[in-house]
1. Under 7 Å between Cβ atoms, at least 6 apart or on separate chains: pull out the pairs that start in region 278-305 with a residue that is farther than 23 Å from residue 395 by Cβ and end on any residue that is hydroxyl-bearing (Ser, Thr, Tyr).
2. Return the total of residues in region 306-351 being hydroxyl-bearing (Ser, Thr, Tyr) and without any contact (Cβ under 8 Å) to a residue 60 or more places away in the chain.
3. Taking region 234-245, which residues are assigned to a helix (DSSP H, G or I) and loosely packed, with under 13 Cβ neighbours inside 10 Å?
4. Conditions: (1) under 25 Å from residue 357 (Cα atoms); (2) at pLDDT 95 or above. Residue 162 meets all but one. Number of the miss?
5. For the list (1) in a helix (DSSP H, G or I); (2) surrounded by fewer than 17 Cβ atoms within 10 Å (Cβ to Cβ), I need the number of the one condition that residue 260 fails.
6. Restricting attention to region 334-365, and to residues there that are among the hydroxyl-bearing types (Ser, Thr, Tyr) and surrounded by fewer than 21 Cβ atoms within 10 Å (Cβ to Cβ), which single residue is nearest to the chain's Cα centre (by Cα)?
7. Looking at the structure I just gave you, is residue 330 assigned to a helix (DSSP H, G or I) and either more than 16 Å from residue 414 (Cβ to Cβ) or not aliphatic (A, V, I, L, M) (or both)?
8. Please work out which one of (1) surrounded by 12 or more Cβ atoms within 10 Å (Cβ to Cβ); (2) assigned by TED's automatic domain parsing to the domain that holds residue 148; (3) at pLDDT below 95 is the condition residue 1 fails and give its number.
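The values are calculated or read from the model by the stated rules, or taken from the named source; none is laboratory data. Note that this is a predicted model, so its numbers are computed, not measured. Reconstructed Cβ throughout: ideal geometry from the backbone, glycine too, with neighbour counts over all protein chains shown.
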Amino acid sequence: MKKFVFASVMAVASLSLVLPVALRAQQSGTIQIKDPAEYNAYSMAITQSNPQAKAAALESFLQTYPQSVVKGPVLDMLIGTYQQLGDSDKTLSAASRLLQVDPNNLKALFISVFIKKNQCAKTSDAQTCDDAAALAKKGLALQKPADVNEDDWKKQTGAIFPIFHSAIALDDILSKKDAKGAISEYRTELMMYPPEQTQSGPGLVDTLALAEAYTKPDAKDLVQAVWFYARAWNFAPPAYKAQIEPKLEYYYKRYHGDLTGLDEIKTQSAASVFPPGTYTITPAATPAEIAHKVVVETPDLTTLNLNDKEFILASGSQDDAQKLWGVMKDQVTPVPGIVISADANTIKLAVSQDAKDAKIADFIVNLKKPLEDKDIPQPGFEYGLQPKAELDATYDSYTQVPATATMAQTAQIVLRDGFIQPEVKKKAPVHRKPSAAHHSN
């Protein structure tokens, strides 16, 4: 299944939208520069109209006068200038330096958290994620400054604190592997937004992130996951609905057994960020009952998709599983899935969504010919997702694997004679010389 990409795209585009105007400068009062040379350098720097020239002048001022009384305001201006230039690394550097001068500067904390959070989302680097979360926690602990009135403080924190909770949640998911902690932070974040702000931008991104968190093995709650997937689906741009809907349908069907009633949940979730107290989903029949129903109601078992086939092999009765296996064994099939491990002779993949969530292999492909070292796929590579990447093999055997605390009962399927489908290249057109008859006249 395709990975979600719209979260990072939407987040990166939203910095200018969520940065409150009230945070452009926090210093108040009159600051006097007594040294004429310093004052002239300061005046020259802040009056530059070209952003590149202004950034260079401000940096030069800070280097020449590192202890200036206007160091804080100059760093504040430098943040804005680097933002104008679209240079996130230098923006972060200026914000970090401002925090050294003014450790409780809300603007510098926000800029640092926002940029580090985006870096965390792109790289999953634990230190970056932890840094973003630590700065966010520091920001959430700030008290209202005495020179800021209550209304302004509420406006500032109302725009910024949701982003802080989002950064902590992302750290919980990517670095700490704590889905329950992430769920608490995401819910707190979404409660802070007016409902309309969850229909786009960071609020919509983290509605989807909350749905994902509810599918993690240590915090699985598919009833809640379905609601937030449906909520995100309602407001996602059209290009991304196709990414969200398969997961929405998969988890709903996994819990309920079929798709009846899902349209009603889609309608309800469009009207409310959180589900009402009356919200519920009727559980499906037992896995064995569902598997039997599919087997007896499907005229041609070869038409079932791979997830359904594995489900029947994993959860069906011995008779139902054997009936399906009778039409699968010795058949060649594509194996779309995420590589868990591989060597020259064997590729182990997570194919079902449950296996992907738990990061375990449910399909083992024994290759027909050993791979060269350069061709061995790395963990995380996904067959069937990247163009021209198809792994084919022949069904050989299967084993039912009992349920564990973090994984529903599944099947481990072994295939033989695996091979990576070569790219089919189009033949170049053949240009023939005209026959002699064409030149006879």
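1. 281/255; 283/255; 284/255
2. Residues of region 306-351 hydroxyl-bearing (Ser, Thr, Tyr): 315, 317, 333, 341, 346.
Restricting the remaining residues to those that are without any contact (Cβ under 8 Å) to a residue 60 or more places away in the chain gives 317, 341, 346.
Here the count works out to 3.
3. 238, 239, 242
4. Only one criterion is unmet by residue 162, namely (1).
5. Only one criterion is unmet by residue 260, namely (1).
6. 341
7. Details: assigned to a helix (DSSP H, G or I): no; either more than 16 Å from residue 414 (Cβ to Cβ) or not aliphatic (A, V, I, L, M) (or both): yes.
For residue 330, the condition - assigned to a helix (DSSP H, G or I) and either more than 16 Å from residue 414 (Cβ to Cβ) or not aliphatic (A, V, I, L, M) (or both) - is not met.
8. Tallying (1) surrounded by 12 or more Cβ atoms within 10 Å (Cβ to Cβ); (2) assigned by TED's automatic domain parsing to the domain that holds residue 148; (3) at pLDDT below 95, residue 1 fails exactly one: (2).
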